[in-house]
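Have a look at the structure below, then the notes.
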Amino acid sequence: MPSVHEQALYNVIVAAQSLGYDLDQLMKTTNAGIIGNEPNFVADTADKRKIIEAVNTAIIEVKSSY
């Protein structure tokens, strides 16, 4: 069973998709923001790769479900 955080992330992505967001662009923007330490993106250096993988996996799961 997914954690509460995983379920929350999944539901936020579903909501973004229902609002018409381009999920591929969302993934690219999120990855770039995390890697580039952009303002408003929060990720400890040691966890960046794990966070990016989690976001990408969740977006891919949502895209494959709809």
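By accessible area, using a 1.4 Å probe on protein heavy atoms only, the chain has 58% of its surface on carbon and sulfur.
Wrap a convex hull around the Cα atoms of the chain, take a quarter of its surface area, and give that in square nanometres. It would help to have the intermediate numbers written out before the result.
On the way: hull surface 18.9 nm².
That works out to 4.7 nm².
The charge dipole of the chain, taken about its Cα centre with unit charges on the Cβ of Lys, Arg, Asp and Glu (plus for the first two, minus for the last two), comes to roughly 60 debye.
The HN-Hα couplings worked out from phi for the stretch 40-46 by the Karplus form 6.51 cos²θ - 1.76 cosθ + 1.60 (θ = phi - 60°) are 6, 9, 10, 7, 5, 3, 5 Hz, whole numbers, x standing for Gly and Pro.
For the residues 40, 11, 31, a GNM of the chain with alpha-carbon springs under 10 Å puts the largest fluctuation on 40. Comparing 12, 55, 42 in a Gaussian network model of the chain, where Cα atoms under 10 Å apart are tied by springs, the biggest mean-square fluctuation is seen for 42.
Net charge of the neighbourhood of residue 10, taken over other residues with C-beta under 15 Å away and scored Lys/Arg +1, Asp/Glu -1, is -2.
Per residue, how much accessible surface does the chain expose to a 1.4 Å probe? Answer in Å², no decimals. Intermediate results must be reported in sequence, preceding the final value.
On the way: 4870 Å² over 66 residues.
Per residue, the chain has an accessible area of 74 Å².
The values are calculated or read from the model by the stated rules, or taken from the named source; none is laboratory data. Only a predicted model underlies this, so the values are computations on that prediction, with no experimental measurement involved. Neighbour counts run over all protein chains shown; Cβ positions are idealised from the backbone, glycine included. Surface accessibility is based on the protein's heavy atoms, side chains included, excluding ligands, DNA and RNA. Shrake-Rupley method; radii C 1.70, N 1.55, O 1.52, S 1.80 Å.
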